[in-house]
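First comes the structure, then the notes that go with it.
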Amino acid sequence: MKRIFLSALIGVGLLTLIFPLSGSEAARPPFDYPLVCRGGGDLKPGAAEGAGNLGFEFKRGTKPAGEELKEGSCSWTDRGMYDAEPNRVSQHVEEVIGAPKPGWYEELRSSDKYWTFMVSNDGKGQLIATSARPGGAPTTITTFIPPAEGLRTFYVNHEWHNDRVNCENPFAFKLRVDDAPAGQVLVGYVNDYYAGSGPFPCEWNSKVDYRGTTWFDLSEIFDKPSLQIVEKATLKFKTVDGSVAAYDDQRRPITRVCEDRLSVANADSLKGFSERVSNYSGDVHFPASDPIATIKGCPPAGCSIDVTEVVNKWITGKIGYGFVIVGENEDWLDKLIPHDKSVCQTRYTDFSLTVSYRPGLLAAPPKTPGVPGPGGLSQSLDIRKNVALASNLATAKASSTSAPYSPAKAIDGEHRGLNWLSGGGWQGAGPTNNDWLQVDFKGRKTIDEIDVYMVQDNFASPVEPDVSMPTFTKYGLTNFRVQFLTQFGDWRDVPALGNPVIGNTNVLKRLTVPRGLFTQSIRIQVSDTPDKWCRITEVEAWGY
């Protein structure tokens, strides 16, 4: 079971074909996929082929149903339909005299009505519907509760004292460190200061800062056969009654609300980090995070914060790091000021994450080259191929280039690096360890494998490489990461085992994406090479 640190790693738009079953697979039940249909136009429900069947013929939508659906059209939830896919829906209906027709039979005569059919391709020119429901793609609403280990409180303290010879016991006052009970997190700060006395006072100053983290087990979403799109995500929590501790600079109780912040973590608190750090002197507080909302006290019903945008940005398939609640006033990290005894702490509890999600993509198509497409028709678009090839209308660019090693040479189909000295691949302007090579496909593609080929030590007589040989010591890429462009326009690491690549010595590095990846662009971001020059002979991206 995957435990995801409050990350809704929700994928978007995996390109899929609906393949009929044949041969040894005939005994397996067909997979049903959501087809959204809009009534009106030329869509006329009526009798369909076979006894007791009703259906209709429709126009194939050219875009995903959520983007555009014209009158009398149907389309998939993640993409438009292909010309080779059936444009007839058939559903078996029990023949009972006087029984009403299914709801869609009448409603789809109106252009204002939408229905979603779960269909499979019968291989005979029809999409067989096993169920139908009004509206667009079905939505699932689940409220996730963090497990016991899903709530953690981190504290960092920093102490200072003068080191005069007369100060034998500078820490006369015990450092105050609080813990949060089970099911709660503690957020805020505690300042303490002892000015000492006499002509040579023994001063002592301490600061303790608390941050609370929470994560949820989102296996329900990850275990779906298709990746999902989040329509709404809401994080809820409450302030523990009587938990706000506020004191002024002289440690006198005051009435105030601690202004905390909800943040998105950018480090995983579950991986080797201690909850207790003493005598901290760094520049970055752990868990590091980026603020997204201010918390100025919770109403009696609790705080409710819309995190849909955040959750939908975690669509890369890579584990994210969740939410952190950060207390106010953390200037003490470097300054250890003010010199006072002020306190502002709050405990939070009853965390939940309610997510509304629906299928955003279907299962990836088979990886076997030459598998027939819908209806048994074989087309080039149904064949697994290298979509990064220039001959497949891909293009390439780079952060820098040194002639004659252009980015286009890295997608020309020649991956050994023949005639390297005459421009047998791409080379950055170097020396640097921060160059990148980007490949843009012709539209969004579903890719399940990325191959990065590098310059061989014997570049004058290169051999056909595989994943284990040859190795390099001179011209390859030692450390790099392969990234893809999300629908939000930001770059994320490809969710593949072994990415980022560290300590590589192989001329060919292959990354596989078991569930497939739907994107228009990938790039190789280099961070280390033996001689600080970045070189790539070929980049391949296999998919549909």
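Read-outs: derived from the displayed coordinates by stated rules, not from any lab. Predicted, not measured: the structure shown is a model, and the values here were computed from it. Here Cβ is always computed from backbone atoms with ideal geometry, including for glycine, and neighbour counts include all displayed protein chains.
Numbers at a glance
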read-out: Subset of Lys385/Lys409; Lys59/Lys232; Lys63/Lys442; Lys124/Lys442; Lys238/Lys341; Lys232/Lys445 violating a 24 Å alpha-carbon distance limit; value: Lys59/Lys232; Lys124/Lys442; Lys238/Lys341; Lys232/Lys445
read-out: Contour excess over end-to-end distance, with Cα ends at Ser391 and Asp32 and 0.36 nm allotted per residue; value: 125.8 nm
read-out: Length released on extending from Thr255 to Glu67, taking residue separation times 0.36 nm less the Cα-Cα span; value: 62.6 nm
read-out: Sites Lys474 and Arg109 - FRET efficiency at Förster radius 51 Å, r taken between beta-carbons, to 0.05; value: 0.10
read-out: Cβ-derived FRET efficiency at R0 35 Å, His339 paired with Thr143, nearest 0.05; value: 0.15
read-out: Label-point separation in nm, Ala403 to Arg510, each point 7 Å along Cα→Cβ; value: 3.8
read-out: ³J(HN,Hα), Karplus 6.51/-1.76/1.60, whole Hz, each residue of region 454-468, x for Gly, Pro; value: 10, 6, 7, 4, 8, 5, 6, 9, x, 9, 6, x, 10, 6, 10
read-out: Estimated FRET transfer efficiency (Asp241, Ile502; beta-carbon r; R0 45 Å; 0.05); value: 0.40
